[in-house]
């Protein structure tokens, strides 16, 4: 009789099974944020595996920000509070391997942000309107303070404020999925600009001008007009990037 052969079980495969088992229970709410997990020895005992396998599984959970290890008195293994930074970092590294470009980000922004702007016009609060006004005032004061001769640090302070302006609009939609998506996309765009753009007061002034037009329509709660202003703004940004970022011309497709 011919017997089938068996392959030895790789401890890394075992660790992945354990990692997924614990992860599922965390995501299902069995272990809420802040709760303490059993120690490494107890986890190994419950799963019937070695400490090496347990530590490999915990390393994976820690990488994804699902658990954290605390030292000292009262320390141990705890379920971490949800933080988008872990997902963002993982996604950024993944997309980097896919060689994404500013054109890809611009296309996605054109799909998401005009709709977000229209939705925000119906839900935006007076407090959020005030935040947008202060954002613009800060940008104008920074340009005035520098006399238009922006240093690299000044330019990227303005870019950070630019990201904040769009983030506030995202928050005003009161749609958590949309907020998270915009947060990722805007962070990617900021990282991209930081490594490719040179300081330009002309570009920064054009951003402020567009933001004022968008804010004006949001204050009037005119969704269609706010959406139209956002489309125009994103087209202006896309044009500037196309003219000033050195990428393969074949990567660019007009968003108009």
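Can you go through 116, 57 and tell me which one is more than 26 Å from residue 239 (Cα to Cα), part of a helix (DSSP H, G or I) and modelled with pLDDT of 90 or more? Going through 116, 57 in turn, just one is more than 26 Å from residue 239 (Cα to Cα), part of a helix (DSSP H, G or I) and modelled with pLDDT of 90 or more: 57.
None of 237, 179 is within 15 Å of residue 108 (Cα to Cα), at pLDDT below 95, out of contact with any helix residue (DSSP H, G or I) (no Cβ under 6 Å at 6 or more places or on another chain) and not in a loop (DSSP other than H, G, I, E, B) except 237.
Criterion applied to 65, 74 was being modelled with pLDDT under 90, assigned to a loop (DSSP other than H, G, I, E, B) and surrounded by 14 or more Cβ atoms within 10 Å (Cβ to Cβ), and the one residue passing it is 65. Look at residue 137 and say whether it is out of contact with any strand residue (DSSP E or B) (no Cβ under 8 Å at 6 or more places or on another chain), part of a helix (DSSP H, G or I), in contact (Cβ under 8 Å) with a residue 24 or more places away in the chain and surrounded by fewer than 20 Cβ atoms within 10 Å (Cβ to Cβ). Judged against the criteria, residue 137 is not a match. Of everything listed in (1) touching a residue at least 12 places away in the same chain (Cβ under 8 Å); (2) assigned to a helix (DSSP H, G or I); (3) farther than 19 Å from residue 121 by Cα, the single unmet condition for residue 199 is (2).
The values are calculated or read from the model by the stated rules, or taken from the named source; none is laboratory data. On a predicted model such as this, the values are computed, not experimentally measured, just so you know. Here the Cβ is made from the backbone with ideal geometry for all residues, glycine too, and neighbour counts use every protein chain on show.
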